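Working notes, structure below.
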Amino acid sequence: MTRLFTLVGAALLLACSVQASAETRIGVVDLRQALFSSDDAQSFSQQLEKDFGDEEAKVRQVQQEAQKLQERLQKDGAMMNEAERKELSGQFQRKVQEFNQLKQRLDATVNQRKQQFVENARPEVDAAIKELLEENNLDLILPSEAVVYAKPDMNLTEALLNKLNE
C-alpha cells in the first residue's frame with residue numbers, strides 16, 4: 001500500500017513539473033495600428049485623398065454655406081418679416097440636408113474602400129503574424145483590444161509593422 005502511495009505521489013509530482021515547464025508563451029499586437037501605419041496604408045491614404053478630395057471640398061463648401069445662412073438667420077432674423085425669415089430658414093434646412101446627404105455618401109464610400117483595403121491586406125497580415133509566432137517561439141498572439149494588460153516586451157506591434165513594410 002505504501003508503495004502505491006509513493007507511485008501515485010511520484011506521478012503527481014511528475015505531472016505538475018511537466019505542466020510548469022510547458023508554460024504558454026503569448027504575444028500581443030495592435031493589428032489596426034500596425035496595418036494603418038504601414039507603408040501600404042500611407043499610399044492608400046494618399047490615394048483616398050486624391051480620389052475623394054473634390055467630394056470632401058464640396059462637403060466643406062456646403063457646410064460653410066449652411067453656417068453662413070445660420071449666422072445670417074441669427075443675426076438678422078429678428079429684423080426680417082415672417083416671409084423672409086421663413087425663406088431663409090428653409091434655405092438653411094435644405095443646406096443642412098444637402099450637407100448630411102453628401103457627408104453620408106462620402107463616409108460610406110470611404111469606409112467601403114477602407115474595408116476593401118483591410119480585406120486585401122489580410123493574407124499579408126496573417127503571414128506576418130505567423131512569422132512572428134515562429135520567430136518568437138510563441139504559442140499564441142492576441143489582439144491588444146482583447147488584453148487588459150501586457151508587459152511591454154510582449155507587445156509585438158512594432159515587429160508586425162516592420163514585417164508589413166518589408
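The values are calculated or read from the model by the stated rules, or taken from the named source; none is laboratory data. As the structure is a prediction and not an experimental result, all values here were calculated from the model. Cβ atoms come from the backbone with ideal geometry, glycine included; neighbour counts cover every protein chain shown.
Which members of region 84-104 meet the condition of being closer than 30 Å to residue 37 by Cβ and in contact (Cβ under 8 Å) with a residue 40 or more places away in the chain?
Once the filter is applied, which keeps residues that are closer than 30 Å to residue 37 by Cβ and in contact (Cβ under 8 Å) with a residue 40 or more places away in the chain, region 84-104 yields 102, 103.
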Next item on the list: Considering each residue of region 146-166, count those that are over 11 Å from residue 34 (Cβ atoms) and in contact (Cβ under 8 Å) with a residue 40 or more places away in the chain, and give that number.
Entry: 3
Next item on the list: State yes or no: is residue 8 assigned to a helix (DSSP H, G or I), at pLDDT below 95 and closer than 30 Å to residue 147 by Cβ?
Entry: no
Checklist line | Residues located in region 65-86, provided they are exposed (fewer than 12 other Cβ atoms within 10 Å of the Cβ) and closer than 17 Å to residue 104 by Cα | finding: none
